[in-house]
Amino acid sequence: MEFSTILGAWVAVFLTIGIFSYLYKDNPFYKTAEHLFVGVSAGYWTAIFFWTQIQPNLFGRLWPATEYYASSLWYKLYNVFGVFSSVFPEGGIAKGHDMHLIYLVPFAMGIMMLLSVSSKLSWMARWGIAYTVGMAAGLRAYGFLNSNVLGQIKGSAFQLVNSNLPFFALVGDSIFNNFVILIGHITGLSVFYFYREHT
Amino acid sequence: MSKIQNTFLKIGSIDRRWIFLIIAAVVIVPLLIPVGLPIRPTDTTKNVYDSIEKLPVGSKVLLSVEYSPSTRPENHPMTISILRHLFKNDHKVFITCLWPDGQFMAQDAINQVAKQEFNKTYGIVYVFLGFRPGNEAVVKDIVSNLRKLYTVDVYQKKIDEIPLMKGINNFKDFDFLFSSSAGFPGTIEWVQYASDPTGIPMASGVTSIKVNEVMPYVQAGQMVGVLAGMPGAAEYEALINQKGSATSGMDAQSVAHLVIVLFIILGNVSFFIERNRSKKY
Amino acid sequence: MIWKRQIPILIVTVVGWTTLLGWFIDQPTIQEFVNDDATQWFDILASFAIILGALNLIKLQVQKILYQKPGWIYSVVAVMGFLFAITAGFFVKGVDDSVAQWGAHVTTDGTLFKWMFDYMFSPMSATMFSLLAFFVASASYRAFRIRNFEATLLLVSGIIIMCGRVPIGSVISSWFVLYLIVLSAGIYINVWKKDMKTTFVFVAVGISIITIAGFMYGWPIDKPGIFYLPAIQEWIYYYPNVAGARSIMIGIGLGIFATSIRYILGIERSYIGE
Amino acid sequence: MGHPYLFEDRIVMLITMFLMGSTLMYNVRYAQMGGEFYLRPIPGLKAVEEAVGRSTEMGRPILYVPGIQDMDQVETVAGVIVLGHVAKMTARYETSLNVPVSRSIVMKAAREACRESYMIEGRPDMFNEDMVHYLTDDQFAYAAGVNGIMVREKPAACMYMGKFYAESLILAETGNSIGAIQIAGTASQAQIPFFVTACDYTLIGEEFFAASAYLSKKPELIGGVRGQDMIKVAVIVTIIFSIIIMTLYDNTGIGFDVSKLLTIR
């Protein structure tokens, strides 16, 4: 068996027992494992989000390989970045995009967010946060209203007179079960009613 | 009589670490010595099985994997069973992830089912598109223009060079969606931004804690069914009669649930004794 | 002041309205911007927000080390963990290009990044989550008490669901549940009436009726259905629970709709700390 | 009708959104122009005041956890508003307040809320920025960090107001093990059962939103609660109305297909 697997097994065992030891008492092994988890997960998320979105879909649109020609100023700048050859490979980024320089806008907003780490520039994060908050609001206003309000009204509505439904069935549709949902739903809604005293 | 009462009172105020020890023992023992209790599929699980069984051969199914190692015992057996069922019925499978860890979970499932068990060829029968960050915006991207979001698959191969991806432009090109999910983003976002706006039928496998939140969608017909936690996964394994880790986990969960019920009863007995005594004095 | 306040509010309102109207306007260029580029920008900014979170975290840990705040040793461990993950993510692939290019290395077997996921991130993440099983046990032991009617309803339905959802529930016969009900009712009558004779008569009659009915029907394990745990559990899940969850869901849905409208109209400005 | 630029089958949604949006805005405008609303007292808020009083008597700090999500979440916004109210009480009774947060933007908003409350109570000297301090973005690391604070400082009251996931029970169980009075408020449906079981008082879903509107006294929030009440009445009427039409349509053919109307593609 490879050395890396054996080493890995030992590391995994130490960390698992270290975290379980919290059940007995807070102790240095737990604190070590927990802080290691904090550091590793921060780096893990950074790497995954970079390699699945920023490199292919942002840099891939700014310096696509399909429109690479070394003499242009834009690609000369690219070659300067080429020092990090893993991120900026030779001849442009071949991820199936063509060039969209408008993507410099989200790139700039992203850089502003990173600069906001310093407390003096912390306001810079607001533009990026504002964009995500604005779009989330536009998506959620429709999504929640459609699926969580109208969809649920449709779910509670049923036919009072329905010959092919039994009056009572433990599992499966029945008049009784439809009424349980209707009455439960309406009384549930009136619990969250703030305009009049609860009697 | 008061001796019995005193014992119950002592049990009632037991140090919680004894409870931890008992729970650990009660979970480990059945895992080592399986009991093999009978699994009886419920309707919500059968609905998922029937809706996949009814799909015409060669349908295009989107399988979305959004869970992490923390809920793997509940979600992974669902992904494995659904993949087996889809490959057995000769469907085309497209795999996406809304969580970063989902990529590794999906890769494990592909190695086990697609490669070892069914030996399906990549790019012809299944394709693994991978993870993209953005939560509900990713679902919106897939619904409107998938090829703008995924220009390469998870192995960095161009989408245009993959034969199976020919003719796939957005969510409406799929015939069915199954989401194996553990939280946000997950099942609820797929209902709100994909299945409801397009009408493409969907089912989901969720952790036990999330079943309560998605059940109204199942009852309203916005989802065809749901696999509810590890019990749901074990039931699906019984339906495709191929036992897996969920079935073996059910013994441990059964005994653990019974022990917790016992704790609740003991806790209440000591609570009543305490209350009667405080009334007396 | 314009940079810090007016422009962010303008961004929220413009992007909010465009996304909201994007659901309704069927004009190709608007659809293309709203559905493709706008969501791509959202994904890119979500990635930068995660990296910002990581930088904030490391800034805090480094400050703790520099100022030797209590527990700074553990901050060294956190920073080492972070640097190790960044090395595995950007500098040391562990395999050559034929096995995995840069970008595909985050999922391919054999790379240093996959090693870190398999042997560090995965066990810690799973173990952290499994602590919950212990806390659920101790919480239910301490807190599931029959204090009032609602607490009793919570407790009884919780026990039915816990037993009904697992295979052991399908082995418990509905006749056993019937006997249990008679005995519990007997305890209640005894506490209420405080008269042994009444209790004895009630329990004796109850048990004999059930035993006679049992012999008549041949003790089928899952009949009568309303006392068979898996069936009761499924009924509770599918009907009363859906009604309750649905009313909470609509309430929260309206709350989110109202807040989203306030964001889009520029009334709500808490995201810029006001 | 052939509107060139409108998704025709989403007209029902457009009308619903317009009706609901204008109901909300009418009530917000009414409140902004000084209109008075009666809002029933919310039991959870009395529990918050009792908890602060108890901490003051015992001379121990209050721990306030505003959830683990960012300011784009409705519950985090409500959590910061309730924090402002709690900060007013801790300023008045001179009780120490500890607010560990999980997002840098939440730290900023929470600090502003606390500073403002201490100013209003005339105790700017008691306010110090480190009261609100950032721990980590990671879910379980944040839970572990907050547990560490609980075990070390032994607060008399723990308040969890915001969006929570699986870490809710780890916090509530540790809070119980140190004997603190615990009050929770969240709209995270999956965590409500855990808080109901482990805490002394829980504000469920909309009660939590209404509590934050009630405390903030902001017209747009109070108007919002009143508007949502009106919409809830409309939802109940729509359900009953749909049942009647559905029964009529399917048995006699009068009316229209309600479920097709409510299915918006």
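The values are calculated or read from the model by the stated rules, or taken from the named source; none is laboratory data. Because the structure is a prediction, the values reported are computed rather than measured. Note: ideal-geometry Cβ built from the backbone for every residue, glycine included; neighbour counts use all protein chains shown.
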(request) State which residue is nearest to the other protein chains (Cβ to nearest Cβ) when the search covers only the range B:21-46 and only residues that are surrounded by fewer than 16 Cβ atoms within 10 Å (Cβ to Cβ) and within 21 Å of B:Q222 (Cβ to Cβ). (result) B:D43
(message) Take D:A91 and tell me if it is buried (at least 24 other Cβ atoms within 10 Å of the Cβ) and either in the same structural domain as D:M150 (by TED's automatic domain parsing) or closer than 22 Å to A:V117 by Cα (or both).
(response) no
(request) All but one of (1) at pLDDT 85 or above; (2) farther than 14 Å from B:V26 by Cβ hold for B:F272, so report the exception by its number. (result) (1)
(message) Condition (residue is part of a helix (DSSP H, G or I) and either outside the structural domain of C:F113 (by TED's automatic domain parsing) or modelled with pLDDT of 90 or more (or both)) applied to the range C:55-62: is it met by at least one residue?
(response) yes
(request) Can you give me the ranges of the strands (runs of 3 or more DSSP E) entirely in the range D:90-179 with at least 2 residues that are more than 14 Å from chain C (Cβ to nearest Cβ)? (result) D:97-101, D:157-161
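Run down B:K92, B:K60, B:K10, B:K54 and say which single residue is outside the structural domain of B:Q156 (by TED's automatic domain parsing) and either over 30 Å from D:S177 (Cβ atoms) or in contact with a helix residue (DSSP H, G or I) (Cβ under 9 Å, 6 or more places away or on another chain) (or both). Don't jump to the end; show me each part of the working.
Values: B:K92 fails: outside the structural domain of B:Q156 (by TED's automatic domain parsing); B:K60 fails: outside the structural domain of B:Q156 (by TED's automatic domain parsing); B:K54 fails: outside the structural domain of B:Q156 (by TED's automatic domain parsing).
The unique qualifying residue is B:K10.
Scanning the range A:72-113 for residues that are among the hydrophobic types (A, V, I, L, M, F, W, C) and not in a helix (DSSP H, G or I), which turns out surrounded by the most Cβ atoms within 10 Å (Cβ to Cβ)?
Here is the first cut: in the range A:72-113, the ones among the hydrophobic types (A, V, I, L, M, F, W, C) are A:73-74, A:77, A:80-81, A:83-84, A:87-88, A:93-94, A:99, A:101-102, A:104-105, A:107-109, A:111-113.
Adding the requirement that they be not in a helix (DSSP H, G or I) leaves A:83-84, A:87-88, A:93-94, A:99.
Numbers: A:V83: 8, A:F84: 11, A:V87: 17, A:F88: 19, A:I93: 23, A:A94: 18, A:M99: 16.
Ranking the qualifying residues of the range A:72-113, first place goes to A:I93.
Could you tell me whether C:S174 is buried (at least 16 other Cβ atoms within 10 Å of the Cβ), away from chain B (no Cβ under 11 Å) and out of contact with any Gly (no Cβ under 8 Å at 6 or more places or on another chain)?
Working: buried (at least 16 other Cβ atoms within 10 Å of the Cβ): yes; away from chain B (no Cβ under 11 Å): yes; out of contact with any Gly (no Cβ under 8 Å at 6 or more places or on another chain): no.
No; evaluated as a whole, the condition is false for this residue.
Specify which of the listed residues (B:S144, B:S179) is under 30 Å from C:L112 (Cα atoms), in contact with a Phe, Trp or Tyr (Cβ under 9 Å, 6 or more places away or on another chain), assigned by TED's automatic domain parsing to the domain that holds B:A203 and of a type in the set (S, T, Y). Give the steps one after another, and end with the answer.
Values: B:S144 fails: under 30 Å from C:L112 (Cα atoms).
Step by step, each of B:S144, B:S179 is checked, and only B:S179 is under 30 Å from C:L112 (Cα atoms), in contact with a Phe, Trp or Tyr (Cβ under 9 Å, 6 or more places away or on another chain), assigned by TED's automatic domain parsing to the domain that holds B:A203 and of a type in the set (S, T, Y).
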(request) Go through the range C:220-271 and count every residue that is over 30 Å from D:D72 (Cα atoms) and of a type in the set (D, E). (result) 2
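Each row is one residue, and each column tells you yes or no for (1) more than 7 Å from chain A (Cβ to nearest Cβ); (2) surrounded by fewer than 20 Cβ atoms within 10 Å (Cβ to Cβ); (3) in contact (Cβ under 8 Å) with a residue 40 or more places away in the chain.
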| position | (1), (2), (3) |
| --- | --- |
| C:M1 | yes, yes, no |
| C:V12 | no, no, yes |
| C:V15 | no, no, no |
| C:T19 | no, no, no |
| C:W23 | no, no, no |
| C:I30 | yes, yes, no |
| C:D36 | yes, yes, no |
| C:L45 | no, no, no |
(request) Considering each of A:Y22, A:Y69 in turn, give the residue that is surrounded by 17 or more Cβ atoms within 10 Å (Cβ to Cβ) and among the aromatic types (F, W, Y). (result) A:Y22
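Yes or no, residue by residue, for (1) acidic (D, E); (2) in contact with a helix residue (DSSP H, G or I) (Cβ under 9 Å, 6 or more places away or on another chain); (3) touching a residue at least 60 places away in the same chain (Cβ under 8 Å):
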position: C:M124; (1), (2), (3): no, yes, no
position: C:S140; (1), (2), (3): no, yes, no
position: C:N148; (1), (2), (3): no, no, no
position: C:L154; (1), (2), (3): no, yes, no
position: C:G169; (1), (2), (3): no, yes, yes
position: C:I181; (1), (2), (3): no, yes, no
position: C:K193; (1), (2), (3): no, yes, no
(message) Every residue in the range D:37-81 that is of a type in the set (D, E) and at the interface with another protein chain (Cβ under 10 Å from one of its Cβ atoms), please.
(response) D:D70, D:D72, D:E75
(message) Suppose we keep only residues that are crowded, with 21+ Cβ neighbours inside 10 Å and polar (S, T, N, Q) within the range B:239-269. Which one would you say is farthest from the other protein chains (Cβ to nearest Cβ)?
(response) B:T247
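Please pick out the residue among B:I14, B:I95 that is outside any loop (DSSP other than H, G, I, E, B) and hydrophobic (A, V, I, L, M, F, W, C). Steps first, please.
On the way: B:I14 fails: outside any loop (DSSP other than H, G, I, E, B).
Being outside any loop (DSSP other than H, G, I, E, B) and hydrophobic (A, V, I, L, M, F, W, C) holds for just one of B:I14, B:I95, which is B:I95.
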(message) Please determine whether any residue of the range A:46-53 is in a helix (DSSP H, G or I), at pLDDT below 90, out of contact with any Ser or Thr (no Cβ under 9 Å at 6 or more places or on another chain) and in the same structural domain as A:A12 (by TED's automatic domain parsing).
(response) no
(request) Scan the range D:187-238 residue by residue and report those that are at pLDDT below 90, within 11 Å of chain A (Cβ to nearest Cβ) and farther than 22 Å from C:S260 by Cβ. (result) none
(request) Exactly one condition in (1) touching a Gly at 6+ places or on another chain (Cβ under 6 Å); (2) modelled with pLDDT under 95 is not met by B:V48; state its number. (result) (2)
(request) For residues that are at the interface with chain A (Cβ under 7 Å from one of its Cβ atoms) and surrounded by fewer than 18 Cβ atoms within 10 Å (Cβ to Cβ), scanning just the range D:248-265, find the one that is modelled with the lowest pLDDT. (result) D:S259
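For B:Q107, state whether it is within 23 Å of B:G249 (Cβ to Cβ) and modelled with pLDDT under 95. First the steps, then the outcome.
Numbers: within 23 Å of B:G249 (Cβ to Cβ): yes; modelled with pLDDT under 95: yes.
Judged against the criteria, B:Q107 is a match.
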(request) Return only the number of the condition from (1) within 13 Å of chain C (Cβ to nearest Cβ); (2) in contact with a Cys (Cβ under 9 Å, 6 or more places away or on another chain) that B:E66 does not satisfy. (result) (1)
(message) Can you tell me how many residues within the range A:145-181 are facing another protein chain (nearest Cβ under 7 Å) and assigned to a helix (DSSP H, G or I)?
(response) 15
(request) Taking the residues in the range A:114-144 that are of a type in the set (S, T, N, Q) and assigned to a helix (DSSP H, G or I) as candidates, determine which candidate is surrounded by the fewest Cβ atoms within 10 Å (Cβ to Cβ). (result) A:S119
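Give the range B:143-165 a look and list any residue that's of a type in the set (V, I, T) and facing chain C (nearest Cβ under 10 Å), or say none. Please lay out each step first, then the result.
Within the range B:143-165, the first condition is being of a type in the set (V, I, T), and the residues that meet it are B:143, B:151-152, B:154, B:159, B:162.
Once the filter is applied, which keeps residues that are of a type in the set (V, I, T) and facing chain C (nearest Cβ under 10 Å), the range B:143-165 yields B:V143, B:V152, B:V154.
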(request) Go through the range C:103-122 and count every residue that is assigned to a helix (DSSP H, G or I) and either facing another protein chain (nearest Cβ under 7 Å) or touching a residue at least 24 places away in the same chain (Cβ under 8 Å) (or both). (result) 12
(message) Among the residues in the range A:48-61, are any among the basic types (K, R), within 27 Å of C:I50 (Cβ to Cβ), in contact (Cβ under 8 Å) with a residue 40 or more places away in the chain and crowded, with 17+ Cβ neighbours inside 10 Å?
(response) yes
(message) Looking only at the range A:96-130, count every residue that is more than 14 Å from chain B (Cβ to nearest Cβ) and either among the acidic types (D, E) or touching a residue at least 40 places away in the same chain (Cβ under 8 Å) (or both) and tell me the total.
(response) 2
